[in-house]
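The values are calculated or read from the model by the stated rules, or taken from the named source; none is laboratory data. Given the structure is predicted, the values throughout are model-derived calculations rather than measurements. All Cβ positions, even for glycine, are placed from backbone atoms using ideal geometry, and neighbour counts span all protein chains on display. SASA here: full protein model, heavy atoms, side chains in, ligands and nucleic acids out. Shrake-Rupley method; radii C 1.70, N 1.55, O 1.52, S 1.80 Å.
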Amino acid sequence: MSERPSALDKRTKRTSAPAAEMRDIEKGFNGTPVLKGVDFTLARGEVHALAGGNGAGKSTLMKILQGVHRKDAGVIRIGGREVDFSSTADAEAAGVGMVFQEFSLVPTLSVARNIFLNHEPRRFRMIDDKAMIRRAGEILQGMGVDLDPRAEVRTLPTGYWQLTEIAKALALDAKVLIMDEPTASLTKTESEALFELIGRLKAQGVGIVYVSHRMEEVYRICDRITVLRDGGVVLSDAVADLSPEQIVAAIVGREVDALAWVERPAATKDTTPLLEVRNLTAANGVTDMSFTLHAGEILGLAGLMGSGRTELAKLIFGIDRPMSGEILLRGEPAGITNPRIAIAKGIALVPEDRRLQGLVLDHSVRENLLLPLLPGLNRGPLVDDRRGDGLAARLIERLQIKLVSANRPVRLLSGGNQQKVVLAKWLGRDPDLLILDEPTAGVDIGTKSEIIERIRELADSGKAVIVISSELAELLAVSDRVLVLRNGTVTDDLDRRDIDDEESLQLAIQGVRS
Amino acid sequence: MTQTLAPPPPAGAPSRVSRLRGIDWRSYAIYIGFAVVFLLFAIFLADDGFLSGTNLLNIFRQTAIISVMAVAMTFVISAAQIDLSIGSVAGLSSVCAALAISATGSALFGVLAGLAVGLVVGIVNGSLVTFLGMPSFLVTLAMLGIAFGLAQLITKSAPVPILHDTFNAIFGGGNLGPIPGLLLWTVVAVAIGWVVLNKTRFGRQVLATGGNRVAAEYTGVNTRRITFTVMLVSSVVAAIAGMLYAGRLESGRYQWGTGDELSVIAAVILGGTSLFGGAGSVIGALFGSLLIGLINNGLILAGFDNSQQQIIRGLIIIVAVALARKR
Ligand SMILES: Nc1ncnc2c1ncn2[C@@H]1O[C@H](COP(=O)(O)OP(=O)(O)OP(=O)(O)O)[C@@H](O)[C@H]1O
Ligand SMILES: [Mg+2]
């Protein structure tokens with residue numbers, strides 16, 4: 001590096017160098033290797049999928065590129081220049097922006113303030129709120145998102161948090177943009193807007209790393225794909241040259257069946273329904289909702305964000321109270337005024353937001369798994385820890401949760417494995433009615449089909465299941481019946497056999513009658 | 001394309017090195033700090049009688065009341081709440097116990113009066129925090145003033161002597177053989193606190209509530225009841241601490257316990273309980289309290305005056321907390 005290259009050299013080098021290049025990256029946590037010599041090259045103007053099973057090391061690799069973690073070994077070049085980031089500020093300065101898998105927003109601040117956090121436009125050394133709101137509005141508009149920049153983030157549904165995250169990265173004018181499962185909490189329309197946006201950024205020469213567990217998205221928007229397994233690269237190629245089966249096999253390490261609907265014998269409907277909802281109306285947006293659910297049935301809830309799916313789940317589980325209408329359980333008024341009663345009556349809810357509602361992140365996996373089971377774990381006045389260890393181990397085994405030790409904080413698990421902990425903690429209670437709100441968010445393909453298999457098993461054994469999912473393919477694979485919700489009411493109650501394909505369900509959700 | 005694919009490491013069998021590196025040294029900071037300060041004093045204050053049996057027992061006796069309250073405060077802070085009223089509740093309880101004894105001549109009525117103070121204050125604190133959703137910081141800050149003022153008012157600021165020997169013996173004044181009664185109170189409180197926090201459902205639910213109240217509520221934990229209970233227990237324990245003051249000093253007085261809330265909170269935080277809730281250590285709180293007592297004792301023996309003691313004590317606490325935070 002003693003001689004300075006001429007201006008011409010510099011320019012040619014710049015234009016030819018990849019947007020980002022990672023060579024032989026190694027990284028371990030507390031002596032456990034997570035990345036074992038990973039190569040990753042991101043060209044300019046390319047959308048590069050980064051795929052792999054839960055815990056394969058995708059987020060870790062990207063956090064290194066973003067300066068959150070420091071690599072143990074290896075070389076990183078941005079635009080041909082070798083870098084060694086020690087903080088996210090370094091990475092931002094070099095033009096690397098990231099949309100975190102776990103949100104990095106300040107809930108009590110407005111959307112605009114979050115977008116410009118630490119980069120606030122100033123006037124006379126004071127934060128220029130007007131300019132900030134205007135520019136935030138422009139960015140959001142450019143993204144095709146209808147969102148008030150003045151709204152406080154915590155008042156928004158989680159889908160908008162994701163969009164705010166993306167806007168935040170865009171505001172930094174990044175040359176490399178990392179998106180870690182950006183659509184995990186987006187609805188179809190919002191995802192579409194995001195894809196359009198990605199196309200626009202790509203045309204501007206931004207290199208985008210796209211971490212996702214959704215195959216159709218990879219084919220839809222990605223040019224290349226790199227697959228990680230157990231911390232090593234097992235595949236790196238142009239997406240167009242690969243079949244979905246090849247990619248899935250590389251991710252999972254074996255053949256996996258695609259998500260397909262398995263028709264199950266219809267539940268007997270001449271008995272009293274397990275759950276009956278009559279003209280339910282509540283302050284949270286649910287208006288005059290009615291439907292029934294029988295034991296042994298899997299009911300899918302489809303709808304846009306804000307259509308009342310999550311809100312319905314909250315009413316059944318006693319988190320919110322209805323204003324009028326009735327919820328009957330086994331033919332009797334349910335009388336559920338809080339989650340404890342719901343749990344005692346055999347209902348379980350896997351909530352939408354695992355970090356906020358599902359887990360105590362600083363507590364161990366074991367503590368989290370046992371929390372709902374404590375009432376049955378007594379030995380005299382004390383908790384039977386020996387039995388608890390056994391139970392936790394069995395649940396970890398059952399869902400194949402990847403971890404170093406059950407006694408370490410759940411926060412250290414990969415995103416998909418955290419989700420499995422939330423699922424496992426409720427499966428342990430063996431509920432009669434299981435409500436799953438986006439149960440496969442962030443879960444890898446192999447595990448997704450396992451979870452669907454588990455849901456079918458539960459229904460086969462006579463349990464009732466309600467599944468909320470924005471992924472229509474998954475919803476159609478698992479449901480016996482699909483309720484379409486819009487603006488807080490049931491607009492369609494469809495037998496799965498009568499739904500031809502994703503397209504027709506999508507039309508029903510949008511409210512387009514055929 | 002890289003084709004080398006090493007087999008995954010055997011799960012659940014980290015090497016000894018990694019296990020050592022995995023130890024979170026921060027949770028041992030209080031014990032290390034305690035040992036270091038103890039050794040320093042033992043070396044430099046040996047000629048001043050620091051290591052004599054009487055002096056060491058003295059440290060225990062002087063910190064006992066703080067230690068007892070620190071056990072309850074560990075639960076409060078673990079549940080992501082705070083109780084600033086304990087010092088003045090102790091004072092009010094000492095006064096009420098003393099007045100009841102002098103009026104009736106019965107120790108039992110004295111104890112009941114003291115406990116009643118704790119119950120009433122605890123129910124008020126707990127209700128305001130859980131049912132009205134007021135921050136415990138503000139509720140107990142207000143209660144600090146109210147209890148202090150009440151104690152002063154009903155005694156017209158005068159001490160109320162306690163002439164009941166049994167009461168004085170049980171609450172702090174007496175010994176059981178060679179062991180000071182206050183030491184026994186500490187041991188009992190710490191033992192109960194440790195078992196409840198670590199081995200019972202209630203303890204787990206306190207930690208879950210403090211760690212993530214929403215997730216705990218979604219999991220069926222009655223977070224309101226948990227919060228109410230820790231606030232109530234804190235006040236009742238503070239009332240018992242007040243009677244320990246009363247017994248040891250053979251009188252009830254509104255100043256007993258004044259300012260103790262700060263020592264107690266410092267002891268709990270030094271002991272490794274998270275100020276944000278979700279993690280707590282009863283044994284750590286005991287050592288935090290002992291460390292503070294140790295420092296006080298050493299500084300007096302070394303001949304520092306009161307103002308110097310305060311400054312040095314503050315500095316030591318800052319260093320200890322900084323060590324406990326550092327990764
Ligand atoms: N800060 C940390 N400390 C210790 N271990 C960690 C830490 N972060 C990640 N790990 C471990 O590293 C491994 C890889 O995690 P990573 O988050 O990179 O997976 P991922 O490929 O993003 O998975 P997912 O698809 O579930 O998000 C996991 O086993 C995880 O437990
Ligand atoms: Mg991840």
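Details
- Restricting attention to the stretch A:370-389, the residues that are open to solvent by 30 Å² or more (accessible area, probe 1.4 Å) and either part of a helix (DSSP H, G or I) or within 13 Å of ligand 1 (Cβ to nearest atom) (or both) add up to 6.
- Identity of the residue in the stretch B:211-238, touching an Asp or Glu at 6+ places or on another chain (Cβ under 7 Å) and more than 18 Å from B:Ala70 (Cα to Cα), that ends up nearest to the other protein chains (Cβ to nearest Cβ): B:Gly211
- Condition met for B:Ala208 (more than 8 Å from chain A (Cβ to nearest Cβ) and not β-branched (Val, Ile, Thr)): no
- Test: residue in the stretch A:74-88 that is under 27 Å from A:Asn118 (Cα atoms) and within 26 Å of the chain's Cα centre (by Cα): yes
- Filter result for A:Gly335 (within 14 Å of another protein chain (Cβ to nearest Cβ) and in a loop (DSSP other than H, G, I, E, B)): no
- Among the residues of the stretch A:191-237, those that are in contact with a Ser or Thr (Cβ under 8 Å, 6 or more places away or on another chain) and part of a helix (DSSP H, G or I) comprise A:Ser191, A:Leu194, A:Glu217, A:Val218.
- Among the residues making up the stretch B:205-219, those that are surrounded by fewer than 24 Cβ atoms within 10 Å (Cβ to Cβ) and of a type outside the set (A, V, I, L, M) are B:Gln205, B:Arg213, B:Glu217.
- Residue satisfying all of: in the stretch A:209-238; of a type in the set (Lys, Arg) and within 24 Å of A:Thr440 (Cα to Cα); nearest to the chain's Cα centre (by Cα) among these: A:Arg214
- Selection count, the stretch A:350-374, where residues are more than 7 Å from every other protein chain (Cβ to nearest Cβ) and closer than 28 Å to A:Glu276 by Cα: 5
- The set of residues in the stretch A:158-190 being within 16 Å of ligand 1 (Cβ to nearest atom) and either assigned to a loop (DSSP other than H, G, I, E, B) or at pLDDT 80 or above (or both) consists of A:Glu165, A:Ile178, A:Met179, A:Asp180, A:Glu181, A:Pro182, A:Thr183, A:Ala184, A:Ser185.
- Residue list for the stretch B:209-224, restricted to those being free of Cβ contacts under 8 Å to residues at least 60 places away in the same chain and out of contact with any Lys or Arg (no Cβ under 7 Å at 6 or more places or on another chain): B:Val214, B:Ala215, B:Ala216, B:Glu217, B:Tyr218, B:Thr219, B:Val221
- Filter result for A:Thr281 (of a type in the set (Ser, Thr, Tyr) and over 30 Å from A:Ser191 (Cβ atoms)): yes
- Among helices (runs of 4 or more DSSP H) entirely within the stretch A:419-514, having at least 3 residues that are modelled with pLDDT of 90 or more singles out A:445-460, A:472-478.
- Test for B:Arg248: is it under 30 Å from B:Ala158 (Cβ atoms), open to solvent by 20 Å² or more (accessible area, probe 1.4 Å) and either away from chain A (no Cβ under 14 Å) or in a helix (DSSP H, G or I) (or both): yes
- Among the residues making up the stretch A:402-431, those that are among the aliphatic types (A, V, I, L, M) and away from every other protein chain (no Cβ under 12 Å) are A:Leu413, A:Leu423, A:Ala424, A:Leu427.
- All told, A:Ser191 falls short of being in contact (Cβ under 8 Å) with a residue 12 or more places away in the chain, crowded, with 16+ Cβ neighbours inside 10 Å, of a type in the set (Ser, Thr, Tyr) and within 14 Å of chain B (Cβ to nearest Cβ).
- In the stretch A:55-76, residue surrounded by the most Cβ atoms within 10 Å (Cβ to Cβ) [restricted to those that are at positive phi and more than 7 Å from ligand 1 (Cβ to nearest atom)]: A:Gly67
- Pairs linking a residue in the stretch A:416-443 that is under 21 Å from A:Ser307 (Cβ atoms) to a residue that is within 13 Å of ligand 2 (Cβ to nearest atom), with Cβ atoms under 7 Å and 6 or more positions apart or on different chains, are A:Ala441/A:Ala184; A:Ala441/A:Gln419.
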